[in-house]
Structure formats: structure tokens, C-alpha cells
1. So the check is Cβ under 6 Å with 6+ separation or different chains; which pairs have a first residue in segment 184-201 that's farther than 15 Å from residue 170 by Cα and a second one that's part of a helix (DSSP H, G or I) and open to solvent by 100 Å² or more (accessible area, probe 1.4 Å)?
2. Does residue 196 fit the bill of being in contact with a Phe, Trp or Tyr (Cβ under 7 Å, 6 or more places away or on another chain), in a helix (DSSP H, G or I) and surrounded by 14 or more Cβ atoms within 10 Å (Cβ to Cβ)?
3. Where residues in segment 143-187 are closer than 16 Å to residue 112 by Cβ and aromatic (Phe, Trp, Tyr), which of them is least open to solvent (accessible area, probe 1.4 Å)?
4. Do you know which residues across segment 26-60 are surrounded by 14 or more Cβ atoms within 10 Å (Cβ to Cβ) and either touching a Pro at 6+ places or on another chain (Cβ under 9 Å) or modelled with pLDDT of 90 or more (or both)?
5. Looking at segment 107-139 only, could you name the residues that are open to solvent by 60 Å² or more (accessible area, probe 1.4 Å) and more than 21 Å from the chain's Cα centre (by Cα)?
6. Report yes if some residue within segment 182-200 is under 28 Å from residue 77 (Cβ atoms), in contact with an Asp or Glu (Cβ under 7 Å, 6 or more places away or on another chain) and not β-branched (Val, Ile, Thr); otherwise report no.
7. Do you know which residues across segment 112-154 are aromatic (Phe, Trp, Tyr) and at pLDDT below 95?
Amino acid sequence: LRQYGALQRKDVPEALTARIGELDQAAATKAGGDAKGKGKDGAATTTLLARLTSKFDAARKYSIDKMRLGFVESVFSQAEATAMLMLGSMPWFWDMSVNLAGKWFGKAEDEYIVSLVFLGINMVIENVVHLPFSLWAVFVVEQRHGFNKQSLKDFFLDKIKAILLSAILGGPMTFAVLYVIKAGGQNFFLYLYLFVLAFQL
């Protein structure tokens with residue numbers, strides 16, 4: 001909210017203007033020109049301050065639009081998480097995952113398989129529920145400011161690729177995490193921390 005308030009300012013902050021002016025002066029001196037946009041041969045050049053000033057308002061409006069969408073999505077996500085917690089949906093999804101693991105793989109008692117089904121269901125639901133926000137971000141916010149290069153087809157292809165990549169990386173990772181938790185005993189959290197750290201690196 002504080003940052004959103006700061007973005008309502010339509011003028012470039014004086015401290016920033018002064019600092020960039022110093023950088024322009026230093027660059028011009030080094031190049032043998034001057035800070036007013038003249039090179040050493042007298043030809044016009046574009047200073048950093050001029051570039052900043054010309055793009056400042058557009059960047060400010062882009063940030064405001066992104067932040068407004070972020071506010072709405074944050075409130076929605078909090079409401080969604082609270083509702084799922086209060087309604088006991090996670091245990092229900094787990095029971096459904098047990099049934100599906102038994103039906104699809106014949107492994108209703110296998111905690112590893114059930115966990116994968118459970119995470120897969122949640123990933124699909126999360127992507128579907130938050131799809132309107134993703135579409136708005138790309139085809140309204142990015143489009144409005146001239147940054148969108150995607151077609152609707154490319155957007156959905158990228159979504160599918162992201163889900164497949166998550167499954168390819170997330171499947172083995174889930175198996176490994178559950179194994180470390182089960183095999184680690186009382187100090188499982190330490191082994192899990194080291195494993196995740198190594199994986200991230």
C-alpha cells in the first residue's frame with residue numbers, strides 16, 4: 001500500500017533526478033562531451049535523465065495496473081485459502097486422492113502415489129481457479145502497455161508446458177521429500193533442509 005501511494009506521484013523524485021544528473025555529467029566528462037546531450041563532436045546524444053523522464057509516466061502507470069491486479073488476486077487467494085481451511089476441503093481432497101490412486105493405479109494404500117495424485121489435483125485446481133487473473137495480466141495489463149507478444153494459443157500452450165514441467169520435476173521431488181521425512185527419524189527436518197538446499201542449488 002505504501003508503494004502504491006508512492007506511485008501516485010507524477011514527478012520524478014528530486015533525489016533521483018540529481019543523482020542521475022551526476023551520472024550523466026560523469027559519463028559526458030569521460031566521453032569528452034557535456035551533460036546537456038552534446039558529444040565531443042557536437043552531435044546530439046540522449047542522456048540517461050532524458051530517457052528516464054520520457055519513460056517515467058508510462059512505467060508508473062504500468063506498475064499501478066500490475067499492483068491493482070495484485071491486490072485483487074491477493075484478497076481472492078486469502079479468501080480461497082480461508083474457505084478451504086474452514087470447509088475442511090484438504091481432508092476431502094486427500095480421501096478423493098486415495099480413491100483415485102486405488103482406481104487408477106491399484107495403490108490406494110501407497111502414501112507416495114496418493115501424495116502425487118493429491119498434489120496433481122491441487123495443481124490443476126489452482127491453475128484453473130487463478131486462470132482469469134493470468135489472462136487479465138497478459139491480455140489486459142501487458143497488452144495495454146504494449147508488452148504482450150503472446151497469442152491466446154501460445155498462452156495456453158505455455159500453461160500446459162508449465163504443468164508438465166512441474167509434474168516432471170515435482171514427481172521425483174515429492175517421492176524424495178516423503179522418503180527423507182520417513183527415513184529421517186526425529187531429525188528429519190535437518191535432513192530435509194539439506195536435501196532441499198542441495199536441490200535448489
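The values are calculated or read from the model by the stated rules, or taken from the named source; none is laboratory data. Model, not experiment: these values are computed from the prediction. Cβ placement follows ideal geometry from the backbone for every residue including glycine, while neighbour counts extend to all protein chains displayed. Keep in mind that these areas ignore ligands, DNA and RNA; they rest on the heavy atoms of the full protein, side chains included. Shrake-Rupley method; radii C 1.70, N 1.55, O 1.52, S 1.80 Å.
1. Here the result reads 184/191, each pair linking segment 184-201 to a residue that is part of a helix (DSSP H, G or I) and open to solvent by 100 Å² or more (accessible area, probe 1.4 Å).
2. Here the answer is no, as residue 196 does not meet what is asked.
3. The selected residue is 175.
4. So the first thing to find is which residues in segment 26-60 are surrounded by 14 or more Cβ atoms within 10 Å (Cβ to Cβ), and the list is 27-28, 33-35, 37-38, 45, 47, 49-50, 52-53, 56, 60.
If the condition is that a residue be surrounded by 14 or more Cβ atoms within 10 Å (Cβ to Cβ) and either touching a Pro at 6+ places or on another chain (Cβ under 9 Å) or modelled with pLDDT of 90 or more (or both), then 60 is the only one that fits.
5. 107, 109, 111
6. no
7. 112, 118, 147
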